[in-house]
Every structure is written in structure tokens, then in C-alpha cells.
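Everything on this sheet refers to the single structure shown next.
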Amino acid sequence: MTVGAVLYSPALRSDTDAMTERIVPLISAEAIQTRVDALGAQISADYAETGSLVVVSVLKGSFLFCADLVRKIDLPLRIDFLAVRSYGEATKSSGIVQIVHDLSRPIEGEDVLLVEDIVDTGLTLAHVIELLKTRRPRSLKLCSLLHKPARTKVEVPIDYLGFTIEDKFVIGYGLDGPREHYRNLPYVGVLAGE
Ligand code: 5GP
């Protein structure tokens, strides 16, 4: 018996099985790619004088967005990854952000573009930006796929933004849902009933 046959055996399905969850698309794969094209063109133009760039993907949520975006940036660039974990209640400004995977090289004197999946309360990115500033990059800008302004606790300037969305918990295109599933969806959606 193949692994697939075991995973999707009706006998093994439960109420929380992904097969029972219905996803309502919010931003289509086509709309995302159109926006990514435009962001890539804008970033390429803005950094044309600079010559090079360090793109920092904030994991895990931005991995798909960043992979698509860098292919639309027509400049020499290097890519690095930063994984962070937030502690405490997300609604408290005292929430601590721990780095679980740090950058592989220093960014001093570099033009850095931080790529994030979503700015929700802004607390995580506010901490990340403060931290990266202590490493003295030449410039530090932020590109976020999504922004939920209704949830803002800390204003974080977003230099390049994909889409503004309402206060809904979204999944797909890198963002996780229940059991950390759904990051592989090519579109952004919400779970039915959310
Ligand atoms: P913030 O610190 O801005 O409140 O949120 C930081 C992180 O929370 C985001 O990078 C993202 O990983 C997660 N997050 C916030 N809103 C959503 C959402 O609607 N869906 C998912 N899947 N994650 C979210």
C-alpha cells in the first residue's frame, strides 16, 4: 500500500482532518503574481543606483513570497534567512522575540530588504527591526505581502506592500493554518467559518 493511500484512507480521517476543512480564497494566485511582478519592478528601480542588495526572508511565513519576489528583482543580490519566535501574548508590547535562526553573515554597511509574510500587530517586526539596526546596515527597508491595519499595536513603516486585508486569520502562500498546514497553497484564503 502506498503512503498516499494510507494518509487518505477514510478510516483514518478525523474531524480535524484537513480534508474536512473548507478554504475560502481571498487573494488568488494570479493576483498575487501580478502584485509580486509590480513589487519586483519597483524594488529593482529603487535600488538601481545602489547596485546590490541583501534580501532577508523572515521564516517561515515569507518563504514562498520571498522566493517569487527575488526572481522579479533585476539586481545582484544575496539572500539570507532569519527565523524568530514570539513569546508571551501577542497583544502585549512586552512580548519577547527570540531568534531561532540568525543571519549567516553580518549586514554592516549593506542595503537590507526585510521580507515578511504579514504585519499584524507589528510587534514582531518592531523587535526584528530594532535588532537589525544594531548591526548597522547602510539602509533597512521592509517589504510585506500583507498588512492588517485593524490589529496594529506598533506602527511599523512598510516600504513595499502587497495587499491590505481586513481582520481575518489568513492561510496559504506561506502562511500556516491548523497543524501548521496550508503553507503550500498557491493562494491566500481563510478557513470557512472564521
Ligand atoms: P505580529 O507580530 O505583527 O502580530 O505578527 C507576527 C506573525 O504572526 C506573522 O509574521 C505571522 O507569522 C503571524 N500571523 C499574524 N497574523 C496572521 C494570520 O492572519 N495568519 C497566519 N497564518 N499567521 C499570522
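The values are calculated or read from the model by the stated rules, or taken from the named source; none is laboratory data. This one's a predicted model, so the numbers in the text were calculated from it and none came from an experiment. Every residue, glycine as well, gets a Cβ built from its backbone with ideal geometry; the counts of neighbours run over all protein chains shown.
Couple of notes before you dig in:
- Long-range neighbours under 6 Å by Cβ, at least six apart or interchain, first residue in contact (Cβ under 8 Å) with a residue 40 or more places away in the chain within region 31-45, second charged (D, E, K, R) and not in a helix (DSSP H, G or I): 36/72
- Residues located in region 115-124, provided they are near the ligand (Cβ under 9 Å from one of its atoms) and in contact (Cβ under 8 Å) with a residue 40 or more places away in the chain: 116, 117, 118, 124
- Test: residue in region 90-99 that is farther than 24 Å from residue 26 by Cα and charged (D, E, K, R): yes
Conditions tested, residue by residue: (1) at pLDDT 85 or above; (2) over 26 Å from residue 163 (Cα atoms); (3) among the small types (Gly, Ala, Ser); (4) under 16 Å from the mean Cα position of the chain (by Cα).
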site	(1), (2), (3), (4)
4	no, yes, yes, no
60	yes, no, no, yes
65	yes, no, no, yes
83	yes, no, yes, yes
86	no, no, yes, yes
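- Long-range neighbours under 9 Å by Cβ, at least six apart or interchain, first residue over 19 Å from residue 147 (Cβ atoms) and at pLDDT below 95 within region 167-186, second near the ligand (Cβ under 8 Å from one of its atoms) and among the basic types (Lys, Arg): 180/60
- Test for residue 108: is it modelled with pLDDT under 95 and more than 30 Å from residue 30 (Cβ to Cβ): no
- Options 170, 154; residue that is within 11 Å of the ligand (Cβ to nearest atom) and surrounded by 19 or more Cβ atoms within 10 Å (Cβ to Cβ): 170
- Whichever residue in region 177-194 is under 20 Å from residue 57 (Cβ atoms) and surrounded by fewer than 16 Cβ atoms within 10 Å (Cβ to Cβ) and, among such residues, is farthest from the ligand (Cβ to nearest atom): 186
- Residue match in region 104-114 (condition: within 13 Å of the ligand (Cβ to nearest atom) and in contact with a Leu (Cβ under 9 Å, 6 or more places away or on another chain)): yes
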